[in-house]
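Worksheet: the structure to be examined is printed underneath.
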Amino acid sequence: MNFDGWGLQRWANHFNHMLNIANPPNRYRFDVGQLAMETSNAMFPSDPITKVSEENLDGFAGALIPAESRTKWGIVYGSGQSPGRRRFTTAHELGHYLLHRKKYPNGIHSSEADVDGRTQLEVEREANEFASWLLMPLDDFRKQISPTDKPDFDAIGRCASRYEVSLVAAVLRWLRYTERRAVFVTSVDGYIKWAWSSDIAFKSGIFIRTSRGPVELPASSAVAQEQFTLDVRSGVDHAAGVWFNEPVREHSFRSEHYDTAYTLLHLRNAEPKAWNEGEPLEDTYERFMRR
């Protein structure tokens with residue numbers, strides 16, 4: 001079979017079709033490393049993936065590495081990652097193998113931002129999207145949370161558990177298809193590291209610029225005041241002027257493991273603004289690059 005020209009969605013759909021037919025007991029929690037080695041050996045016996053392992057990558061989240069002979073490949077993920085994060089990183093590197101190994105015969109190293117898809121590099125965005133489609137099939141995800149739902153962290157967390165991915169990966173997957181205006185924010189020590197808006201929020205001018213460095217959290221927000229209570233995790237309402245110039249419902253909690261606060265902001269639906277109605281506060285500096 002000729003696989004030349006296959007794109008990321010076709011590859012992801014191919015594997016999901018295989019998994020649907022096989023219907024293993026843990027359909028959405030399959031062993032990604034085993035899938036990578038077995039299928040690459042069957043499809044590409046001249047240069048298969050023969051090893052998937054944990055390594056100290058000194059700042060990188062994962063890598064696709066060729067053997068000296070260039071007849072075998074290895075996938076490595078950075079040490080200390082959670083099981084969900086490790087699984088997504090492995091899928092990301094499998095995406096590089098399928099889509100990019102011929103273009104990058106010396107291999108590819110991926111940072112945390114690369115694996116999340118928060119980068120201007122096309123190959124990293126493609127590998128990230130492949131991993132999302134493979135691990136969190138859109139048809140099934142939409143059954144768990146419909147495009148019009150207004151989920152909290154618990155609802156999205158159930159999806160993260162279902163697909164055995166990190167909460168961040170599940171949030172970003174939901175943001176890419178939701179029809180609601182929403183923003184996801186990560187922060188450390190009172191400063192926003194990065195944020196991501198749903199498409200409809202972005203088009204209405206709702207996003208936070210982080211390309212020039214961390215941004216201070218709004219002083220009146222629950223996360224800035226470190227109000228990490230069950231009520232705040234469930235959602236608290238803010239008047240216009242706290243986060244944006246309109247009311248917002250804030251869900252926030254802190255992950256002790258990563259020493260990071262996570263915030264999900266829900267806004268009322270609104271018609272997109274014209275692009276010339278003022279400068280938006282961009283949530284990811286590469287957003288225009290992705291379009």
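Here is how the numbers come out for the structure above:
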read-out	value
Amide H partners (placed H, <5 Å) of Leu217, local residues excluded	Tyr191, Ile192
Label zone at Asn245, where the point sits 7 Å out along the Cα-to-Cβ direction: segment 200-228 residues whose backbone N lies under 14 Å	204-207
Label-point separation, Asp154 to Arg27 (7 Å along Cα→Cβ), nm	2.6 nm
Over the chain: helical MRE at 222 nm, DSSP H runs n ≥ 4 each giving -39500 (n - 2.57), nearest 500	-10000 deg cm²/dmol
Distant-in-sequence amide H partners of Ile49 (H built 1.01 Å from N, under 5 Å)	Ser40, Asn41, Trp73
Pairwise FRET efficiency - Asp237 versus Ser82, Cβ, R0 = 25 Å, nearest 0.05	0.20
Contour minus Cα-Cα distance for Arg212 and Glu226 (0.36 nm per residue)	2.6 nm
Net lengthening on full extension, Asp140/Leu19 (0.36 nm per residue, minus Cα-Cα)	42.2 nm
Rounded to the nearest 20 debye, dipole of the chain from Cβ charges on Lys, Arg, Asp, Glu	680 debye
Calculated P(r) tail over 24 Å for segment 1-120, as whole % of Cα pairs	23 percent
Backbone N within segment 180-222 under 14 Å of label point (7 Å from Gln120 Cα along the Cβ vector)	210-213
Label point 7 Å beyond Cα of Lys51 along Cβ direction - residues of segment 16-33 with amide nitrogen under 18 Å	33
Ordering of 211-217, 196-202 by packing [mean C-beta count within 10 Å, highest first]	196-202, 211-217
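Throughout, read-outs are computed from the coordinates displayed, never taken from laboratory work. Source: prediction; values computed, not measured. No Cβ is skipped: glycine too gets one built from the backbone with ideal geometry, and neighbour counts run over all protein chains shown.
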